[in-house]
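Here is the structure we will look at, set down as structure tokens.
The values are calculated or read from the model by the stated rules, or taken from the named source; none is laboratory data. None of these values were measured; they are calculated from a predicted model. Every residue, glycine as well, gets a Cβ built from its backbone with ideal geometry; the counts of neighbours run over all protein chains shown.
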Amino acid sequence: MKPVKLSFAVALVLAAMPLISFAQDAEAVEEESEFPLSASLAATTDYVFRGVSQSDNGPAFQAGLNYDAPFGLYAGVWGSNIDFGTGGFETDYYVGWNTDLSDSWNLDLGATRYTYSGDKGLSGDYNEFIGKITWSGPVTVTGLLAYAPDYGDLAPKAKESYASLGASYDIGETGFSIGGSVGYTSIDYGNETIEGEAFDYGVSDYFDGAVTLSKAFGPATATLGYYDTFGSDAEELRSGSDIYKPGLALTISVAVP
């Protein structure tokens, strides 16, 4: 997805943020109804989204606000500084519905509006529709599908699709958790006819992978992750920009309340 927002609501860390599903017991649901608003704050050495740095391999500061309704609906806003050449800010608005299908299965359907300001290296705002299913057992496994019918302002009308599979495991009562994910991005740049001549702009695609280690400290969580892109057009993308190259990122996040 070029030096633009490659649409984790970050991957496993966020899914990588605008998108989190979890099962709750009756007491937790009651508490949620009393306190439907929650907030998050985070600082990271590199804002990585689906294997690609959104901050030019530099630090980012992030904040989010989320509202959860008792019947599964949720909505929120999340923001971070970004850098694709001149620096700027990303603000994501999301809405969705989350429900437990059983004691082990959870379904999350949502839509996110990605918006950008300041940075001239981006290709414009866009919407993405996201479906996610999670199985919670000894290991938590999450599958995600996403689709953007109008990806930025790329000509003539690019379509982006993304699929990922991730897993995480809590190590006893140590507070440590390990995780891993693999994802696949495909962008169809479309075709058009100009003065009777047909132009097909082709398809760009690549894989991304992540391995993470997290440690909870009360309301705070520290996550160290290794991120990479590979396969298909990844080598060509890497040769054109460092944001596609592998790297480490340390993220400290705090949930309120």
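Observations
- Under the condition of being of a type outside the set (S, T, N, Q), under 14 Å from ASP233 (Cβ atoms) and crowded, with 19+ Cβ neighbours inside 10 Å, the residues counted in region 177-188 number 1.
- ASP205 of a type in the set (Asp, Glu), touching a Lys or Arg at 6+ places or on another chain (Cβ under 7 Å) and surrounded by 14 or more Cβ atoms within 10 Å (Cβ to Cβ): no
Residues are listed down the side, and each one gets a yes or a no for (1) closer than 19 Å to ASP119 by Cα; (2) out of contact with any helix residue (DSSP H, G or I) (no Cβ under 7 Å at 6 or more places or on another chain); (3) crowded, with 16+ Cβ neighbours inside 10 Å:
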{"residue": "GLY64", "(1), (2), (3)": "no, yes, yes"}
{"residue": "TYR67", "(1), (2), (3)": "no, yes, no"}
{"residue": "GLY72", "(1), (2), (3)": "no, yes, no"}
{"residue": "ASP83", "(1), (2), (3)": "yes, yes, yes"}
{"residue": "ASP92", "(1), (2), (3)": "yes, yes, yes"}
{"residue": "THR99", "(1), (2), (3)": "no, yes, no"}
{"residue": "ASP103", "(1), (2), (3)": "no, yes, no"}
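- Every residue from region 58-84 that is within 21 Å of ASN98 (Cβ to Cβ) and β-branched (Val, Ile, Thr): VAL77
- Taking residues in region 135-148 that are farther than 23 Å from ILE187 by Cβ, and partners anywhere that are acidic (Asp, Glu) and at pLDDT 95 or above, not one pair has Cβ atoms closer than 7 Å while being at least 6 places apart or on different chains.
- Counting the residues of region 217-240 that are surrounded by fewer than 16 Cβ atoms within 10 Å (Cβ to Cβ) and among the small types (Gly, Ala, Ser) gives 6.
- Scanning region 196-220 for residues that are farther than 14 Å from GLY231 by Cα and either of a type in the set (D, E, K, R) or not in a strand (DSSP E or B) (or both) yields a count of 8.
- Condition check for GLY79: outside any loop (DSSP other than H, G, I, E, B) and either touching a Phe, Trp or Tyr at 6+ places or on another chain (Cβ under 8 Å) or modelled with pLDDT of 95 or more (or both): yes
- The set of residues in region 82-102 being at pLDDT 95 or above, among the hydroxyl-bearing types (Ser, Thr, Tyr) and more than 18 Å from the chain's Cα centre (by Cα) consists of THR99, SER102.
- Among the residues examined, ALA216 qualifies as of a type outside the set (Lys, Arg) and over 19 Å from the mean Cα position of the chain (by Cα).
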